[in-house]
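Reading through the structure tokens given below for one structure.
The values are calculated or read from the model by the stated rules, or taken from the named source; none is laboratory data. Predicted model, so just to flag it, every value in this text is computed and none were measured. Neighbour counts are summed over all protein chains in view; Cβ atoms, including those assigned to glycine, are modelled from backbone coordinates with ideal geometry. Protein only, heavy atoms only, side chains kept; ligands, DNA and RNA dropped before computing areas. Shrake-Rupley method; radii C 1.70, N 1.55, O 1.52, S 1.80 Å.
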Amino acid sequence: VGRPRLCLSAPGGTVRGRRAPVRTLQRRPSMTDTPDPDAPTPGSESNQASGTPPGGSGLPENVAGALSYLLGPITGVAFFIIDRPRPFVRFHAVQAIAISIVWVALAVILMVLSAILGFIPILGWLVSLLLSLGLSLAGFVLWLWLMFQAYQGREWEVPGLGPHVRRI
């Protein structure tokens, strides 16, 4: 009884004496259409406000910098390629790659040392275990610290590694 009917007549038809709303469909742009040079690009408003060059990821610099550390060399290389024009993101991406390389080298050294210490019964195993746990905990804390510093908008350099990263 109280249900309005849809008017399938021409635009401007009526539904129970009231004028029906007119919907117009917009044409989707095709591949051959040329873009309007004055039209804003996605994310350009925020980049113009902050004065930073636009990045390919579309993320704020602090988020992109923090995410550079998330999966080590994988996200480091990804953000280095995608957001290369932004110095803040590039610094954190390169530092994430460099830390990953150093971390792999330390892991190989620890494996060799553990193999050597493995010949010493009990004491060698215990020292090897403690070294492994200590290095793992230090790496985890460093990883969290670097992500936190990047998210806060700071370019914290890892001692001994930071000056080399800055040159890239």
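Taking 7 Å steps out from each Cα toward its Cβ at LEU113 and VAL63 produces label points 4.0 nm apart.
The apolar share of the surface of segment 97-155, taken as the fraction of accessible area on carbon and sulfur atoms (1.4 Å probe, ligands and nucleic acids excluded), comes to 85 percent.
Dipole check for segment 84-168: with +1 at the C-beta of Lys and Arg, -1 at the C-beta of Asp and Glu, and the Cα centre as origin, the magnitude is about 420 Debye.
The distance separating the Cα centre of segment 73-90 from that of segment 113-168 comes to 22 Å. For GLU155, the shell of other residues with beta-carbons less than 13 Å away shows a net charge of +2, using +1 for Lys and Arg and -1 for Asp and Glu.
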